[in-house]
1. Considering the range 295-324 alone, what residues qualify as being in a strand (DSSP E or B) and not acidic (Asp, Glu)?
2. Regarding the range 305-318, can at least one residue be identified that is within 30 Å of ASP118 (Cα to Cα), touching a strand residue (DSSP E or B) at 6+ places or on another chain (Cβ under 8 Å) and surrounded by fewer than 15 Cβ atoms within 10 Å (Cβ to Cβ)?
3. Which one is surrounded by the fewest Cβ atoms within 10 Å (Cβ to Cβ) among residues in the range 264-294 that are touching a helix residue (DSSP H, G or I) at 6+ places or on another chain (Cβ under 8 Å) and in a strand (DSSP E or B)?
4. Look at the range 238-263 and say how many of its residues are surrounded by fewer than 18 Cβ atoms within 10 Å (Cβ to Cβ) and either among the polar types (S, T, N, Q) or outside the structural domain of VAL304 (by TED's automatic domain parsing) (or both).
5. Scan the range 286-300 for residues that are among the β-branched types (Val, Ile, Thr) and closer than 11 Å to LYS172 by Cα and report the count.
6. Residue by residue through the range 214-252, note down the ones that are under 28 Å from the mean Cα position of the chain (by Cα) and either farther than 20 Å from LEU302 by Cβ or of a type in the set (A, V, I, L, M, F, W, C) (or both).
7. Return yes when LYS172 is touching a residue at least 24 places away in the same chain (Cβ under 8 Å), among the charged types (D, E, K, R), in contact with a Phe, Trp or Tyr (Cβ under 9 Å, 6 or more places away or on another chain) and surrounded by fewer than 22 Cβ atoms within 10 Å (Cβ to Cβ) and no when it is not.
8. Just give me the residues in the range 113-127 being surrounded by fewer than 24 Cβ atoms within 10 Å (Cβ to Cβ) and either of a type in the set (A, V, I, L, M) or at pLDDT below 95 (or both), in sequence order.
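The values are calculated or read from the model by the stated rules, or taken from the named source; none is laboratory data. Since the structure is predicted, the reported quantities are computational estimates derived from the model, not experimental observations. Cβ coordinates were reconstructed from backbone atoms using ideal geometry, including for glycine residues, and neighbour counts include every protein chain displayed.
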Amino acid sequence: MTTPDLPLVSSGGCGDGCACGADEDTYLECGLDPALAQLLADAGLDPVEVEDIANVALQEDLAHGVDVTTVATISEDAVATADFTAREAGTVAGLRIAEAVMSIVCTEEFEVERHAEDGDRVEAGQTLLSVTTRTRDILTAERSALNLLCRLSGIATATRAWADVLEGTRAKVRDTRKTTPGLRSLEKFAVRCGGGVNHRMSLSDAALVKDNHVVAAGGVAEAFTAVRERFPDVPIEVEVDTLHQLRDVLDAGADLILLDNFTPGECTEAVALVDGRAALEASGRLTLVNAKAYADTGVDYLAVGALTHSSPILDIGLDLRAAE
């Protein structure tokens, strides 16, 4: 897929509501540009959270010091253009997040040329993003920006492979809470970029009654009823291991049921038994090889924890352009 060049923008510094607490005299030294923050918000991300994550990544690299190699080898007033380039084909995610990392480091305004958007399929050798600013700032921000961009693009690429297999069926690939601590919102964003859908973001926005809850409550129907009585407005998903348990929670009124380690044949039976009275999610035993067989049973979702806990990175590099 060839993506046309997108507009050249100027950025740098933070806007109103920046979490850094800097005043107008120092805002160029940290934070996010308001236009960039809006792009992040439009993508379903919290700009302040993105800024905080970027700051953590940068401080991990700098340890409240300086980039000694770059300071020693690059003059303070040197300016360069650098290109973020895909080294392999895949689906990209996190370009605006990488841009946020650059914006925090840059002590002067910088120009960004956007050649691709999150969710695009890209080819090896394709330029994704170009940045023109102080050379020192580019090199200091390079690894933090790439760590996030490569990680998120790897998740998006893996998700896209599942979404492609499921194309033409009713089933959607869905993530889990098996995410990197501190990066859940970004990794689930990457799943969306790859064509997947998100499960709950936290323990508080939906209930999932699992085997340990069932043991503690004395039964799957009892666990479901307890949650419904205590939190009547919260969506509830119930995990079942057998068709017998499925009948129990269906009778209790569950509207989303997770079929744990069911075979495709058992999923077919479950779909027939439910007959549209609840949404069904298959979990366990799932691979790209058998994904279509599970989807063809008529389940609504395939839960794949590996999207966020085991996806390899997408190889993306950053290269300074040679001086003309």
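1. Our first condition is that a residue be in a strand (DSSP E or B); within the range 295-324, this holds for 301-303, 316-320.
The answer is TYR301, LEU302, ALA303, ILE316, GLY317, LEU318, LEU320.
2. Yes, the range 305-318 has at least one match.
3. Selected residue: LEU280.
4. 3
5. Within the range 286-300, the first condition is being among the β-branched types (Val, Ile, Thr), and the residues that meet it are 287, 289, 297, 299.
Applying the additional criterion that residues be closer than 11 Å to LYS172 by Cα yields 299.
Residues flagged as among the β-branched types (Val, Ile, Thr) and closer than 11 Å to LYS172 by Cα within the range 286-300 amount to 1.
6. Within the range 214-252, ASP233, VAL234, ILE236, VAL238, VAL240 meet the criteria.
7. Judged against the criteria, LYS172 is a match.
8. Residues satisfying the conditions are ALA116, ALA124.
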